[in-house]
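Here is the structure we will look at, set down as structure tokens.
The values are calculated or read from the model by the stated rules, or taken from the named source; none is laboratory data. Note that the structure is predicted; figures quoted are calculated from it, not measured. FYI the Cβ positions are ideal-geometry reconstructions off the backbone, even for glycines, and counts take in every protein chain you see. Accessible surface is based on the protein model in full, side chains and every heavy atom, while ligands, DNA and RNA are left aside. Shrake-Rupley method; radii C 1.70, N 1.55, O 1.52, S 1.80 Å.
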Amino acid sequence: MTHWPDFVQLKEVGPRDGLQNEKRSISTDDKVAWINMVSDSGVREIEYSSFVHPKWIPNLADAREVGKRIRKNPDVFYSALVPNQKGLEHALEAGIDGASVFMSASETHNKKNINKTIGETYPVLREVIRDAKQEGKHVTGYISTVFDCPYEGKIMPEKVIRVCEQLLEYGVDDLSLGDTIGSAVPTQVERLLEVLLARYQKEKLIMHFHDTRGMAIANIMRSLQYGLSRFDSSLGGLGGCPYAPGAAGNVATNDVLYLLHGLGIKTGIQEDKIQEASVFIQDRLGKVLPSKSLAYHLSTA
Ligand code: HMG
Ligand code: MG
């Protein structure tokens, strides 16, 4: 019999990873109302926006206003994406509990995403991590393209480990491993986790699956079997990476909750509130979100 974790912590990344790639922009008022709804669902962490250059991600240009206006639920940890010192300055002004720095295991994706080689990125992130820690903030290090890169193909685990080692040495508290283009199958997850879990505690690892080919749930199952208990997900399956053409959104929070609760794993999250918040954003975006559990919910409502 598989021994499942008793509790799984989901980080809701819809307001960041989800909205960053949407064609229709959402008003700041609607973002604030939506994040407040999610804050009341029992979710423990929300990545509420991204402090990148607005020219690169125009949909999140209001990150500071969103951060200042959302009602901070004391039971929720609010984090945001931070690429550099300027981003950190803005994030601290807006209010964050945690900063998420990000880079790629693949050289080409790193360059396209943040306009720097991997070597040029390290000193920037080292300073951001140091300063965020000095401010008493938790820091997560995202690593993109840990399985496959849209430009370079397969990424060997050694490349991922090299980035993990650097970020941990700089002081990140944990690592979020991105299947950026949603291409991995469970054997790839297995291969990477075998290598990573020989070095790092499972509590330090968060899995971040995009669901381009419908493999995310299978990959989460495999990760759970390795004892991992932290995952990123997005309401309704919203999102994608603007610098990974064709990549779909993150695995839908709605679908992960159906799986976890069905397995008897606690999350603290109320599924009906997640469905309600998904309907809210689906209406504002004027499109049907890909979550199957949301579609079922709507068909029976
Ligand atoms: P750059 O142009 O190389 O930056 O962009 P720079 O340092 O050369 O500065 C150029 C100008 O930008 C300067 O202004 C800076 O002040 C300004 P000027 O002096 O010319 O007037 N600037 C900024 N302004 C506002 N906020 C900032 C900022 N930084 C510089 N933070 C940069 C480098 C990283 C900023 C840029 O490439 C960028 O914003 N990239 C964003 C890419 C992005 O958001 N990608 C999607 C998120 S990552 C993702 O989705 C993957 C993930 O989900 C995991 C997975 O799925 O794998 C996390
Ligand atoms: Mg992502």
Please work out the average accessible area per residue across the chain, using the 1.4 Å probe convention, and give it in Å². 42
Report, by chain and number, residues whose modeled amide H sits under 5 Å from the one on residue 212, excluding near sequence neighbours (fewer than 5 apart, same chain). 182, 248
Per residue, the convex hull enclosing the Cα atoms of segment 148-301 spans a volume in Å³ of 128
Along principal axes, Cα extents of segment 20-93, largest first, whole Å: 33, 28, 17
Tally up the carbon and sulfur contribution to the accessible surface of the chain as a whole percent, 1.4 Å probe, everything protein left in place. 50
In whole Hz, with x marking every Gly and Pro, tabulate ³J(HN,Hα) for segment 216-232 from phi via Karplus 6.51 cos²θ - 1.76 cosθ + 1.60, θ = phi - 60°. 4, 5, 5, 6, 5, 4, 5, 5, 4, 5, 8, x, 6, 9, 9, 9, 9
Heavy-atom SASA rank of 169, 120 (probe 1.4 Å, accessible area, largest first): 169, 120
So, R0 is 51 Å and r is the distance between the beta-carbons of residue 27 and residue 162; what FRET efficiency does that work out to, to 0.05? 0.75
For residue 222, the accessible surface traced by a 1.4 Å probe with all protein chains present amounts, in square angstrom to the nearest 10, to 60
Around residue 142, which amide H atoms from residues at least 5 apart in sequence, or from another chain, sit under 5 Å from its own amide H, with H modelled in the peptide plane? 101, 102, 103, 176
For segment 266-273, Karplus-derived ³J(HN,Hα) couplings (6.51, -1.76, 1.60; θ = phi - 60°; whole Hz; x for glycine and proline) come out as 7, 10, x, 9, 8, 4, 5, 6
Normalised by the empirical 2.2 N^0.38 Å for globular proteins, what value does the Cα Rg of the chain take? 0.91
Once label points are set 7 Å from the Cα along Cα→Cβ at both residue 107 and residue 75, what is their separation, rounded to one decimal in nm? 4.9
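Show me the ranking of peptides 255-264, 73-82 by mean Cβ neighbours inside 10 Å, starting with the highest.
Result, highest mean Cβ count within 10 Å first: 73-82, 255-264.
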Segment 84-89 - phi-based ³J(HN,Hα) in whole Hz, Karplus 6.51/-1.76/1.60, Gly and Pro as x: 6, 4, 4, x, 5, 4
